[in-house]
Amino acid sequence: MNYRHAFHAGNFADVFKHAILIGLIEALKTKSTPFCYIDTHAGAGEYDLRGLEPNKTGEFVDGVQRLLIADSLPASLRPYFDLVRALNADDANGHLHRYPGSPLLARSLLRDTDRAVLCELQDDEVASLKKLFAADTRIGVHQRDGYAALAALLPPKERRGLVLIDPPFEAQRDEFRSIEATIKSAYARWPTGVFAVWYPIKQHQHVLPFQRWFARHGVKKTLMAELMLQPDDSPLRLNGCGMVIVNAPWQFDRWLEKLMPDLAQVLARESRAEWHVEWLVPE
Ligand SMILES: C[S@@+](CC[C@H](N)C(=O)[O-])C[C@H]1O[C@@H](n2cnc3c(N)ncnc32)[C@H](O)[C@@H]1O
């Protein structure tokens, strides 16, 4: 495996994914009973934006950095950006040098009774996660295949919660098939769990079989949000990305319809960014 998330930390896809992740966790927190957050592909948990990898690609400049320089930040993006800013509170010049991955964002939202389980395969990323969360007894770090781990982890004892599936997509079509197989068995074990799957869009036609899969396999209440920054006419570049949410929280479609135009406006490049929210399987 060659993938290192440090090259992409804070890029437009992270902004999209992490803003939605925060909305999903906040929706779980509308009930007082504890929940469990499971991150099948956790990454390092935190990234140094002054490091070699992020600066080699510069992807964060057209991602989280856009929010920093925006004249006025839309209210829908505040919860996300406030968490990023909080992590950088020690920077006297207001620069962003640290970027939180999904585990750190989730941790900042957990209550005392909530719990998180993080799965990651690479040694360096696991070491980083263990260091970050060593003192937090609510968080378990597992060096194991996140897909395989779900069989043992589900359903969680809390019977409420969220699974984030955010793989590297090194082999795009194979990854979609792995996700489908994983959701099939995970959903059978835990039909009320919320499952959020991030996916890249190079050419839209390659994503359609994955989107159709949910209705065909009897998965219910499945919502999709997509952000396209460029036309999908090149198979080589990341033109956009999407998130599929199984068992989407109540009125999450409306929440997304407020967030997505703001994301599109802040992250747009040369041409207008497009967004789309749709129920793949209705409520
Ligand atoms: C896109 S990154 C995750 C980013 C993270 N979720 C975030 O939002 O900050 C994907 C991660 O999955 C890890 N990975 C790849 N295959 C895996 C597997 N089968 N199980 C667990 N982790 C895996 C990679 O090492 C990489 O760190």
In the stretch 18-42, residue farthest from the ligand (Cβ to nearest atom) [restricted to those that are over 15 Å from L104 (Cβ atoms) and hydroxyl-bearing (S, T, Y)]:
S32
Name the residue that is farthest from G146 (Cα to Cα), counting only residues in the stretch 71-107 that are surrounded by fewer than 14 Cβ atoms within 10 Å (Cβ to Cβ) and touching a helix residue (DSSP H, G or I) at 6+ places or on another chain (Cβ under 9 Å).
G94
Report yes if Q230 is modelled with pLDDT under 95 and in contact with a Ser or Thr (Cβ under 9 Å, 6 or more places away or on another chain), otherwise no.
yes
What do you reckon, is V15 within 12 Å of the ligand (Cβ to nearest atom) and either within 15 Å of A264 (Cα to Cα) or assigned to a helix (DSSP H, G or I) (or both)?
yes
Can you pull out every residue in the stretch 55-66 that is part of a loop (DSSP other than H, G, I, E, B) and either touching a helix residue (DSSP H, G or I) at 6+ places or on another chain (Cβ under 6 Å) or in contact (Cβ under 8 Å) with a residue 40 or more places away in the chain (or both)?
G63
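A quick yes/no check of all residues on (1) assigned to a loop (DSSP other than H, G, I, E, B); (2) within 16 Å of the ligand (Cβ to nearest atom); (3) more than 20 Å from V163 (Cβ to Cβ):
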site	(1), (2), (3)
A44	yes, yes, no
E53	no, yes, yes
R78	no, no, yes
L83	no, yes, yes
L96	yes, yes, yes
P103	no, yes, no
D112	yes, no, yes
L118	no, yes, no
Enumeration of residues in the stretch 120-137 that are more than 10 Å from the ligand (Cβ to nearest atom), touching a Lys or Arg at 6+ places or on another chain (Cβ under 9 Å) and assigned to a helix (DSSP H, G or I):
L132, F133
Long-range neighbours under 6 Å by Cβ, at least six apart or interchain, first residue away from the ligand (no atom under 12 Å from the Cβ) within the stretch 166-183, second β-branched (V, I, T)
none
Failed condition for Y147, given (1) under 25 Å from E257 (Cβ atoms); (2) among the hydroxyl-bearing types (S, T, Y); (3) not in a loop (DSSP other than H, G, I, E, B)
(1)
Considering only the stretch 239-283, state which residues are hydrophobic (A, V, I, L, M, F, W, C) and over 19 Å from A196 (Cβ atoms).
A264, V266, L267, A268, A273
Scan the stretch 55-70 for residues that are surrounded by fewer than 21 Cβ atoms within 10 Å (Cβ to Cβ) and within 16 Å of the ligand (Cβ to nearest atom) and report the count.
1
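The values are calculated or read from the model by the stated rules, or taken from the named source; none is laboratory data. Remember, predicted model here, so these are calculated numbers, not experimental data. Here the Cβ is made from the backbone with ideal geometry for all residues, glycine too, and neighbour counts use every protein chain on show.
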